[in-house]
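Shown next, in structure tokens, is the structure this report addresses.
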Amino acid sequence: MPPTLFERSTPNPAGYRDVQPRDVAEAIESARLIDIREPDELRGELGHAAGVENIPLGRIEQAAQAFQKDEPIVLVCRSGRRSAQAAQALAAAGHRCIMNMAGGMIAWNQAGLPVER
């Protein structure tokens with residue numbers, strides 16, 4: 001059996017893992033993909049990945065209370081900075097399969113991956 005998206009990701013000292021956009025695109029059905037940008041950013045020039053769930057950064061910790069602690073979750077933002085902040089918070093709250101998409105939607109677009117606007 002091939003390694004899971006979480007197993008292929010890189011451990012971060014803050015308790016979550018960093019995952020590359022191409023790996024996310026290849027395994028998009030195996031994790032919950034949450035874009036933490038504001039709704040208008042999803043419609044902006046960088047667009048968003050198909051099937052993404054939009055939960056802005058200011059609401060993610062509250063929303064995550066309803067998530068399963070072992071559910072694989074990939075957090076996405078514009079550059080990876082805000083999603084790393086959210087990933088650290090969720091990992092600190094006990095979520096065990098949290099991933100931050102390195103480089104965010106900037107890296108996703110640079111990799112030529114499909115975008116919705």
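Each reported figure results from applying straightforward, stated rules to the coordinates on display, with no laboratory input. These figures come from a predicted structure and were not determined experimentally. So basically every Cβ, Gly included, is an ideal-geometry build from the backbone, and we count neighbours across all protein chains shown.
The table below lists the values:
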item	result
Members of the range 1-34 that are in contact with a helix residue (DSSP H, G or I) (Cβ under 6 Å, 6 or more places away or on another chain), outside any helix (DSSP H, G or I) and under 18 Å from S79 (Cβ atoms)	A14, Y16
Identity of the residue in the range 26-46, farther than 12 Å from M105 by Cβ and in contact with a Pro (Cβ under 8 Å, 6 or more places away or on another chain), that ends up surrounded by the most Cβ atoms within 10 Å (Cβ to Cβ)	A31
Lone qualifier among D18, D35 - being within 10 Å of the chain's Cα centre (by Cα), under 22 Å from P3 (Cα atoms) and not aromatic (F, W, Y)	D18
Filter result (over 12 Å from the mean Cα position of the chain (by Cα) and under 17 Å from M101 (Cα atoms)) within the range 57-84	E71
Long-range neighbours under 6 Å by Cβ, at least six apart or interchain, first residue within 15 Å of Q85 (Cα to Cα) within the range 52-66, second assigned to a helix (DSSP H, G or I) and not charged (D, E, K, R)	I55/A63; L57/A86; I60/A86; E61/A89; A64/L90
Criterion: small (G, A, S), crowded, with 21+ Cβ neighbours inside 10 Å and either without any contact (Cβ under 8 Å) to a residue 24 or more places away in the chain or in contact with a strand residue (DSSP E or B) (Cβ under 9 Å, 6 or more places away or on another chain) (or both) - qualifying residue of A49, A84	A49
Counted residues, the range 91-116 - those being in contact with a strand residue (DSSP E or B) (Cβ under 8 Å, 6 or more places away or on another chain) and not aromatic (F, W, Y)	13
Inter-residue pairs, beta-carbon under 7 Å, first under 21 Å from E45 (Cβ atoms) and in the range 68-79, second among the polar types (S, T, N, Q) and crowded, with 21+ Cβ neighbours inside 10 Å, 6+ apart	L75/S83; L75/N100; V76/S83; C77/S83
Residue, nearest to G80 (Cα to Cα), within the range 35-51, restricted to residues that are of a type in the set (A, V, I, L, M) and touching a helix residue (DSSP H, G or I) at 6+ places or on another chain (Cβ under 6 Å)	I36
